[in-house]
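Undergrad: Sending over a structure as structure tokens; questions will come in a sec.
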Amino acid sequence: MRRQLRSRRTPSFPYSYRYRLDDQDELNQNYLADEEEEAEEEARVMVKEEEEEEKKEEEEGQGQPTGNAWWQKLQIMSEYLWDPERRMFLARTGQSWSLILLIYFFFYASLAAVITLCMYTLFLTISPYIPTFTERVKPPGVMIRPFAHSLNFNFNVSEPETWQHYVISLNGFLQGYNDSLQEEMNVDCPPGQYFIQDGDEDEDKKACQFKRSFLKNCSGLEDPTFGYSTGQPCILLKMNRIVGFRPELGDPVKVSCKVQRGDENDIRSIRYYPESASFDLRYYPYYGKLTHVNYTSPLVAMHFTDVVKNQAVPVQCQLKGKGIINDVINDRFVGRVIFTLNIET
Amino acid sequence: MVGGFSILLWVGAFLCWIAYGIQYSSDKSASLNNVYLGSVLVLVVILTGIFAYYQEAKSTNIMSSFNKMIPQQALVIRDSEKKTIPAEQLVVGDIVEVKGGDQIPADIRVLSSQGCRVDNSSLTGESEPQPRSSEFTHENPLETKNICFYSTTCLEGTVTGMVINTGDRTIIGHIASLASGVGNEKTPIAIEIEHFVHIVAGVAVSIGILFFIIAVSLKYRVLDSVIFLIGIIVANVPEGLLATVTVTLSLTAKRMAKKNCLVKSPEAVETLGSTSIICSDKTGTLTQNRMTVAHLWFDNQIFVADTSEDHSNQVFDQSSSTWASLSKIITLCNRAEFKPGQENVPIMKKAVIGDASETALLKFSEVILGDVMEIRKRNRKVVEIPFNSTNKFQLSIHETDDPHDKRFLMVMKGAPERILEKCSTIMINGEEHPLDKSTAKAFHTAYMELGGLGERVLGFCHLYLPADEFPETYSFDIDAMNFPTSNLCFVGLLSMIDPPRSTVPDAVTKCRSAGIKVIMVTGDHPITAKAIAKSVGIISANSETVEDIAHRLNIPVEQVHQRDAKAAVVTGMELKDMSSEQLDEILANYQEIVFARTSPQQKLIIVEGCQRQDAVVAVTGDGVNDSPALKKADIGIAMGIAGSDAAKNAADMVLLDDNFASIVTGVEEGRLIFDNLKKTIAYTLTKNIAELCPFLIYIIAGLPLPIGTITILFIDLGTDIIPSIALAYEKAESDIMNRKPRHKKKDRLVNEQLAVYSYLHIGLMQALGAFLLYFTVYAQEGFLPHTLINLRVEWESDNVNDLEDHYGQEWTRYQREYLEWTGYTAFFVGILVQQIADLIIRKTRRNSIFQQGLFRNKVIWVGIASQIVIGLILSYGLGSITALNFTMLRAQYWFVAVPHAILIWVYDEVRKLFIRLYPGSWWDKNMYY
């Protein structure tokens, strides 16, 4: 009896209730913990509070066969999970749990308020029209169409199902370039100079027309198979949009393709549409998605009219012009794009 | 290198390699990132392992160098030549010679001896020197006279013997093996760290598995889920923490070494701090280990002598002419002499030839009377009879220094009752009075009183031999005893004790207020033990033992109510008959306990008894007989000067100055380091949440990964290391010596509050701050937060090279990756900035930072500076090394998380304020860690 009393600390001890688990582990081991001088007083104070608990513990201690440690541990565990006597779940009563949850609710609510405030401030400092910095997205990257998860163009001229999806993809891509649509939405601005539109950044900007017909043989208007049916595939090249990017004045960005590795004569001729093989200055600068709504990226179509057949030909198309970098080692899509043509007949 | 976190990291590394294997088998050009990561993890494990080993080896070195300072030599006869060899090279059958003053180099059987006496006190506890000869006297090797034991000391004479046992096979070796049989239990701090590792590993594994399942059920590929798992593990494991803890502990160990506590393993530092019972040896630890005059009785009065270390303050009345006579006897009837050549040494420190009590008397008289040798010269010694155990007295006859007085003066000292028998008169106030019943009674009362103080009492008497019977030319013959040895004049009593060190009572009081129970365990006599215990406060002035109560109430001991007594004196004899339950009862019920006349085994039993009560037991001792107890104790403390090698080997700590008060310093350091480790761990755990959240958000919301695993390693092993060590230099918040020792099982290093507060409060705030910075960087580059959600698949696709951002700009894969690394760097800086705030708030747990002083701990600022410098180097110096995933960061991003850092500081101040305002409240219970 006395021993058991001594093994308990005063209720005022900050952690006592929480370490029931540890306590009970020691149940059968003559657990004489405290040497404090107040032990005696404590004992007296605590007699009432602990009598009940004690009885229970004694019963437990005697009722179970000693040495059945697993069973005991399980018992302790289940009591920790749910103690029916004191109505405690995970060593806390319902009241204690609700208090905890309430406090955490308020704490997290105020944290949420703080982060909301912070995010709001962040949005205040950021213009929805113009990006704050653009240095990470420069110099522009290059991408080609059609694109279907792969930069290898393998198809057999005589088997339409091997190239049909290229045609569908190109057709879909060029819907926005239809002449009728372009004429309706966009303006025909003078070539060879920037299409600069002053005004507030939130003002809507006009976009220059880029008509599908500019692509001539690769527009799919005359040859709806874009040359794939004849083994002369069209590939469209698109320079990544960058807000505010302007190529050097008077020196539009040009596209030039050649065999990347191997015999240079594997591509005997390429036709470019527009014939200048360049992106006209009037399509720059770009004012951002929100105001420059109908902006259509200029394209350069490459028409591989006489590629060596039945072998893989690696092709590298590079942008050339001032302010363009096309030899970044780590990034194979900045200023250049590499793809292979493997046309079977 | 295998336990705890290391296992987790190994698992992480293997998962990395497996992931790469799977990637490689499906795509030959798979990136080597996972291989690098795996290798880095293994490197981390190996480096921390090597580091821990190095630290361990360094602290072991301290000890081994210490051992080498006292190599033991033995004089052995080999090949008919006398050689001096190291004692460990002796073999059974060697013939060794040992002379007075030497240590016995092995167990030897005596072949021949000349007046050899050995001091077996360290082995058996007998304080009397034991004679040794070649006779076989007893079956029991411990009792027979013809065996000398290893490590005991030959006090006088010479002995030649044959080695019969060496090393571990000696009797001492057996005791030592009794000690080594006592298993090396884990130190409390090791248990705490294990507990903490379990918590963290549990959190890591359960979150890892939970999110693995979530990831799989969200239709992520298993391979990706495995990589998430690695990230979660790396984020959760505080890689640098164990190394930090080791460094912190060894720093404290070094600091303690400066204060004369040499600690063998750094972990013992903390053990000392959690000590709740100190079992202290008496001799040498609590006492000065030298006999000193404590009381005098003359003129029917007891006088107190100063027993402090320097004897400076002798206040008793020296005007009485009785004192003049007594002092003359003390001076003259004494064979002890100072060793020559010590003119400049303080009297109390001078080396003396002579036994303990004569030395005490010599020094006593030297302090009071001045040059004793000069006095002796003036009173030339004519003849003397040295002390022997049959006579029990010592006598000498001197000429007087008064040239007109031609009488001889005979002085005598010895056992008081024998001296009294020889006297017929007694000197009171310089006049001789006949010795009647009342004076005899006064003598007995004084004798009993002094004896009751545990002091060794000597009686002094003299006689002026009549000049007519004994003329100047008289020839005294000590064999014929041609002079009177009765009807002398009794002058006084003088009692001696081995007095407590002057620092001990104060230290014991400090231990008391620190909630540490000090138990005295000694081989000495109970009365002496009790007296010393009383004088140092181990038994406090107003508490009584059962025997005291019985004596006061004049009733038999059995009738005394056990509960009334606060103190107990238990002898070895009583202990022998006790069951362990009875011992437990005593240990639990009495606050003040003295164990006297105990054997080495009993010391062990006492220590075990204390440990059964969940106490962390410190044992101090110096003798070989203490070594099993030293080893068994949670922390054994050996005496550096007086201690035997066995004791020092068994101990975890050595007090270089043999001073009990040093233990108190050690306890203070130990408690401080426990508190500071809590702070360090809280500091380290906090950022784990900030490191973990990115992975969880990444899996659930599909944002581009905010922080990479390598970056996490740079926080854990880079910027955070020095600050977390700096917390070890933090001063105590309040008087840590006024609170109780921590309970081994209840006051954990990492408790629920600490984990919850670090993870769910500060950790979460940190994560939010870092995310704010992450979102800022992305938003300013074009990806506003809402565009990031569920962007993961496209973002990470190598084929998408024209991913649109919020402004319609198109990004190549590499451009995005570079932005992602910028995000890593930003998140890293966000955590770093807030860890500075975290570091500052962790300086205290209860007090305000301003109470503690922001600038008192300079090392903290070194830590903060190191954090910033490492951060700057990583962000700007290594910006071009893409393998490390750091990029240049705009300067203004360093300040985005600053408001959050301030918020953390303010929040923690508020928490501490409420804890201080409402102690014991719900807030205190749940928010104080």
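Here's the yes/no breakdown for (1) more than 30 Å from B:VAL667 (Cβ to Cβ); (2) of a type in the set (Ser, Thr, Tyr); (3) within 13 Å of chain A (Cβ to nearest Cβ):
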residue: B:THR711; (1), (2), (3): yes, yes, no
residue: B:GLY718; (1), (2), (3): yes, no, no
residue: B:LYS731; (1), (2), (3): no, no, no
residue: B:PRO785; (1), (2), (3): yes, no, yes
residue: B:LEU791; (1), (2), (3): yes, no, no
residue: B:ASN799; (1), (2), (3): yes, no, yes
residue: B:ARG813; (1), (2), (3): yes, no, yes
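Undergrad: Please tell me if B:ARG290 is basic (Lys, Arg) and either over 29 Å from B:SER599 (Cα atoms) or part of a helix (DSSP H, G or I) (or both).
TA: Details: basic (Lys, Arg): yes; either over 29 Å from B:SER599 (Cα atoms) or part of a helix (DSSP H, G or I) (or both): no.
Considered against the rule, which asks whether it is basic (Lys, Arg) and either over 29 Å from B:SER599 (Cα atoms) or part of a helix (DSSP H, G or I) (or both), B:ARG290 comes out as no.
Undergrad: Among all residue pairs at least 6 apart or on different chains, which show Cβ distances below 6 Å where the first residue, located in the stretch B:915-926, is farther than 15 Å from B:ASN847 by Cβ and the second is assigned to a helix (DSSP H, G or I) and not acidic (Asp, Glu)?
TA: If the second residue must be assigned to a helix (DSSP H, G or I) and not acidic (Asp, Glu), the pairs left are B:TRP923/B:PHE914.
Undergrad: Identify all residues within the stretch B:581-602 that are within 14 Å of chain A (Cβ to nearest Cβ), assigned to a helix (DSSP H, G or I) and touching a residue at least 24 places away in the same chain (Cβ under 8 Å); write none if there are none.
TA: Going through the stretch B:581-602, the residues within 14 Å of chain A (Cβ to nearest Cβ) turn out to be B:581-593.
In the following step, the residues that additionally are assigned to a helix (DSSP H, G or I) were identified as B:581-589.
Selection gives B:LEU583, B:ASP584, B:LEU587, B:ALA588, B:ASN589.
Undergrad: Let me ask something additional. For the stretch B:816-929, please list each of the helices (runs of 4 or more DSSP H) lying entirely inside it that holds at least 1 residues being more than 12 Å from every other protein chain (Cβ to nearest Cβ) and not polar (S, T, N, Q). Can you show your working first?
TA: Working: elements: B:849-852, B:858-872, B:898-917, B:922-927.
Helices (runs of 4 or more DSSP H) meeting the threshold: B:849-852, B:858-872, B:898-917.
Undergrad: Are any residues in the stretch A:135-156 in a loop (DSSP other than H, G, I, E, B), more than 7 Å from chain B (Cβ to nearest Cβ) and surrounded by 15 or more Cβ atoms within 10 Å (Cβ to Cβ), and if so, which ones?
TA: Selection gives A:LYS138, A:PRO139, A:PRO140, A:PRO146, A:PHE147, A:LEU151.
Undergrad: Among the numbered criteria (1) closer than 24 Å to B:LYS912 by Cβ; (2) part of a loop (DSSP other than H, G, I, E, B); (3) more than 9 Å from chain A (Cβ to nearest Cβ); (4) not polar (S, T, N, Q), which one does B:LEU754 miss?
TA: If we test B:LEU754 against (1) closer than 24 Å to B:LYS912 by Cβ; (2) part of a loop (DSSP other than H, G, I, E, B); (3) more than 9 Å from chain A (Cβ to nearest Cβ); (4) not polar (S, T, N, Q), just (2) comes out false.
Undergrad: Could you say whether any residue in the stretch B:786-804 is outside the structural domain of B:PHE196 (by the TED database), hydroxyl-bearing (Ser, Thr, Tyr) and either closer than 30 Å to B:ILE870 by Cα or in a helix (DSSP H, G or I) (or both)? Walk me through it before giving the result.
TA: So the first thing to find is which residues in the stretch B:786-804 are outside the structural domain of B:PHE196 (by the TED database), and the list is B:786-804.
Within this subset, residues satisfying the condition of being hydroxyl-bearing (Ser, Thr, Tyr) are B:787, B:797.
Keeping just the survivors that are either closer than 30 Å to B:ILE870 by Cα or in a helix (DSSP H, G or I) (or both) gives B:787.
So far as the stretch B:786-804 goes, yes, one or more of its residues are outside the structural domain of B:PHE196 (by the TED database), hydroxyl-bearing (Ser, Thr, Tyr) and either closer than 30 Å to B:ILE870 by Cα or in a helix (DSSP H, G or I) (or both).
Undergrad: Right, something else. With the requirement that a residue be assigned to a loop (DSSP other than H, G, I, E, B) and touching a strand residue (DSSP E or B) at 6+ places or on another chain (Cβ under 9 Å), what does the stretch A:206-222 give you?
TA: Within the stretch A:206-222, the subset assigned to a loop (DSSP other than H, G, I, E, B) is A:206-207, A:209-211, A:219-222.
A:LYS206, A:ALA207, A:GLN209, A:PHE210, A:SER219, A:GLY220 - these are the residues of the stretch A:206-222 that are assigned to a loop (DSSP other than H, G, I, E, B) and touching a strand residue (DSSP E or B) at 6+ places or on another chain (Cβ under 9 Å).
Undergrad: Let me ask another. Pull up the stretch B:570-599, narrow it to residues that are touching a Pro at 6+ places or on another chain (Cβ under 9 Å) and surrounded by fewer than 23 Cβ atoms within 10 Å (Cβ to Cβ), then point me to the one that is farthest from B:LEU142 (Cα to Cα).
TA: Among those residues, the one meeting the criterion is B:THR571.
Undergrad: Conditions first: (1) at positive phi; (2) charged (D, E, K, R); (3) without any contact (Cβ under 8 Å) to a residue 12 or more places away in the chain. B:ASP299 passes all but one, so which condition is the exception?
TA: In the conditions (1) at positive phi; (2) charged (D, E, K, R); (3) without any contact (Cβ under 8 Å) to a residue 12 or more places away in the chain, B:ASP299 misses (3) alone.
Undergrad: Quick check on the stretch B:845-857. Is at least one of its residues among the hydrophobic types (A, V, I, L, M, F, W, C), surrounded by fewer than 18 Cβ atoms within 10 Å (Cβ to Cβ) and closer than 20 Å to A:CYS118 by Cα?
TA: Just the residues of the stretch B:845-857 that are among the hydrophobic types (A, V, I, L, M, F, W, C), to begin with: B:849-850, B:854-855.
After this cut, where a residue has to be surrounded by fewer than 18 Cβ atoms within 10 Å (Cβ to Cβ) as well, the list is B:849-850, B:854-855.
The next check asks that each one be closer than 20 Å to A:CYS118 by Cα; those that pass are none.
Scanning the stretch B:845-857, I find no residue that is among the hydrophobic types (A, V, I, L, M, F, W, C), surrounded by fewer than 18 Cβ atoms within 10 Å (Cβ to Cβ) and closer than 20 Å to A:CYS118 by Cα, so the answer is no.
Undergrad: Another question about this same structure. Output the number of the condition that B:PRO704 fails; it satisfies all remaining conditions of (1) within 14 Å of chain A (Cβ to nearest Cβ); (2) more than 36 Å from the chain's Cα centre (by Cα); (3) not in a loop (DSSP other than H, G, I, E, B); (4) not hydrophobic (A, V, I, L, M, F, W, C).
TA: That leaves (3) as the condition not met.
Undergrad: Considering each residue of the stretch B:219-265, count those that are outside any helix (DSSP H, G or I) and under 30 Å from B:ARG792 (Cα atoms), and give that number.
TA: Start the filter on the stretch B:219-265 by keeping residues that are outside any helix (DSSP H, G or I), which leaves B:219-221, B:237-240, B:259-265.
The next check asks that each one be under 30 Å from B:ARG792 (Cα atoms); those that pass are B:219-221, B:237-239.
Final tally of qualifying residues: 6.
Undergrad: Test B:SER875 against the stated conditions and say whether it is modelled with pLDDT of 90 or more and hydroxyl-bearing (Ser, Thr, Tyr). Break it down into steps so the answer makes sense when it comes.
TA: Numbers: modelled with pLDDT of 90 or more: no; hydroxyl-bearing (Ser, Thr, Tyr): yes.
No: the conditions fail for B:SER875.
Undergrad: On to the next question. Only one of A:SER127, A:SER110 is over 27 Å from B:GLY763 (Cα atoms), modelled with pLDDT of 80 or more and at the interface with chain B (Cβ under 10 Å from one of its Cβ atoms); which?
TA: A:SER127
Undergrad: Being touching a Lys or Arg at 6+ places or on another chain (Cβ under 7 Å) and crowded, with 18+ Cβ neighbours inside 10 Å is the filter here; which residues of the stretch B:189-224 pass it? Spell out the reasoning first.
TA: First, the residues of the stretch B:189-224 that are touching a Lys or Arg at 6+ places or on another chain (Cβ under 7 Å): B:192, B:195.
B:GLU192 - this is the single residue of the stretch B:189-224 that is touching a Lys or Arg at 6+ places or on another chain (Cβ under 7 Å) and crowded, with 18+ Cβ neighbours inside 10 Å.
Undergrad: Only one of these is in the same structural domain as A:LEU299 (by the TED database), within 34 Å of the chain's Cα centre (by Cα) and loosely packed, with under 13 Cβ neighbours inside 10 Å: A:GLU159, A:GLU203, A:GLU183, A:GLU222. Name it.
TA: Going through A:GLU159, A:GLU203, A:GLU183, A:GLU222 in turn, the sole match is A:GLU203.
Undergrad: Going residue by residue through the stretch A:197-204, is there one that turns out to be in contact with a strand residue (DSSP E or B) (Cβ under 7 Å, 6 or more places away or on another chain) and assigned to a loop (DSSP other than H, G, I, E, B)? Show your work before the answer.
TA: Residues of the stretch A:197-204 that are in contact with a strand residue (DSSP E or B) (Cβ under 7 Å, 6 or more places away or on another chain), as a first pass: none.
There is no residue in the stretch A:197-204 that is in contact with a strand residue (DSSP E or B) (Cβ under 7 Å, 6 or more places away or on another chain) and assigned to a loop (DSSP other than H, G, I, E, B).
Undergrad: Turning to a different aspect of this structure: With the structure loaded, tell me whether B:GLY515 is assigned to a loop (DSSP other than H, G, I, E, B), modelled with pLDDT of 85 or more and in the same structural domain as B:ALA541 (by the TED database) or whether it fails that test. Reasoning before the result, please.
TA: Working: assigned to a loop (DSSP other than H, G, I, E, B): yes; modelled with pLDDT of 85 or more: yes; in the same structural domain as B:ALA541 (by the TED database): yes.
Yes.
Undergrad: Related question: A:ALA301 fails exactly one of the following numbered conditions: (1) more than 14 Å from every other protein chain (Cβ to nearest Cβ); (2) at pLDDT below 90; (3) crowded, with 21+ Cβ neighbours inside 10 Å. What is the number of that condition?
TA: Result: A:ALA301 fails condition (2) only.
Undergrad: Which one of the conditions (1) assigned to a strand (DSSP E or B); (2) within 12 Å of chain B (Cβ to nearest Cβ) does A:ASP331 fail to meet, given that it meets all the rest?
TA: Every condition holds for A:ASP331 apart from (1).
Undergrad: Please determine, by comparing only the residues of the stretch B:313-334 that are in contact (Cβ under 8 Å) with a residue 12 or more places away in the chain and not in a helix (DSSP H, G or I), which one is farthest from the chain's Cα centre (by Cα).
TA: Residues of the stretch B:313-334 in contact (Cβ under 8 Å) with a residue 12 or more places away in the chain: B:314, B:316-318, B:320-334.
Now drop any that are not not in a helix (DSSP H, G or I), which leaves B:314, B:316-318, B:320, B:333-334.
Details: B:GLN314: 35, B:PHE316: 39, B:ASP317: 43, B:GLN318: 44, B:SER320: 49, B:CYS333: 44, B:ASN334: 41 Å.
Residue satisfying both the conditions and the ranking: B:SER320.
Undergrad: Among residues belonging to the stretch A:166-180 that are over 14 Å from A:PRO298 (Cβ atoms) and hydroxyl-bearing (Ser, Thr, Tyr), point out the one that is surrounded by the fewest Cβ atoms within 10 Å (Cβ to Cβ). Write out each step before concluding.
TA: Filtering the stretch A:166-180 down to residues over 14 Å from A:PRO298 (Cβ atoms) leaves A:166-172, A:175, A:178-180.
When the remaining residues are screened for being hydroxyl-bearing (Ser, Thr, Tyr), the result is A:166, A:169, A:180.
Details: A:TYR166: 22, A:SER169: 15, A:SER180: 9.
Result: A:SER180.
Undergrad: Give me the pairs, please: first residue somewhere in the stretch B:259-275 and closer than 13 Å to B:LEU672 by Cβ, second residue anywhere and among the acidic types (Asp, Glu) and at pLDDT below 85, beta-carbon distance under 6 Å, and either six or more positions apart or on two chains.
TA: none
Undergrad: Of these, B:LEU791, B:LEU854, B:LEU839, B:LEU872, which one is over 50 Å from the mean Cα position of the chain (by Cα) and not small (Gly, Ala, Ser)?
TA: On the way: B:LEU854 fails: over 50 Å from the mean Cα position of the chain (by Cα); B:LEU839 fails: over 50 Å from the mean Cα position of the chain (by Cα); B:LEU872 fails: over 50 Å from the mean Cα position of the chain (by Cα).
The conditions single out B:LEU791.
Undergrad: Among the residues of the stretch A:260-288, what is the count of those that are away from chain B (no Cβ under 14 Å), over 21 Å from A:PHE226 (Cβ atoms) and either surrounded by fewer than 18 Cβ atoms within 10 Å (Cβ to Cβ) or of a type in the set (Phe, Trp, Tyr) (or both)?
TA: Summing the residues that are away from chain B (no Cβ under 14 Å), over 21 Å from A:PHE226 (Cβ atoms) and either surrounded by fewer than 18 Cβ atoms within 10 Å (Cβ to Cβ) or of a type in the set (Phe, Trp, Tyr) (or both) in the stretch A:260-288 gives 6.
Undergrad: Which one is nearest to B:LEU241 (Cα to Cα), of the residues in the stretch B:42-81 that are hydroxyl-bearing (Ser, Thr, Tyr) and at pLDDT below 75? Break it down stepwise before answering.
TA: Just the residues of the stretch B:42-81 that are hydroxyl-bearing (Ser, Thr, Tyr), to begin with: B:48, B:53-54, B:59-60, B:64-65, B:80.
Cutting the leftovers down to at pLDDT below 75 gives us B:59-60, B:64-65.
Working: B:SER59: 19, B:THR60: 22, B:SER64: 28, B:SER65: 30 Å.
Once the filter is applied, the top-ranked residue is B:SER59.
The values are calculated or read from the model by the stated rules, or taken from the named source; none is laboratory data. All of these numbers come straight from a predicted model, not from anything done at the bench. Quick reminder, even Gly has a Cβ in these numbers, built from the backbone with ideal geometry, and neighbours come from all protein chains shown.
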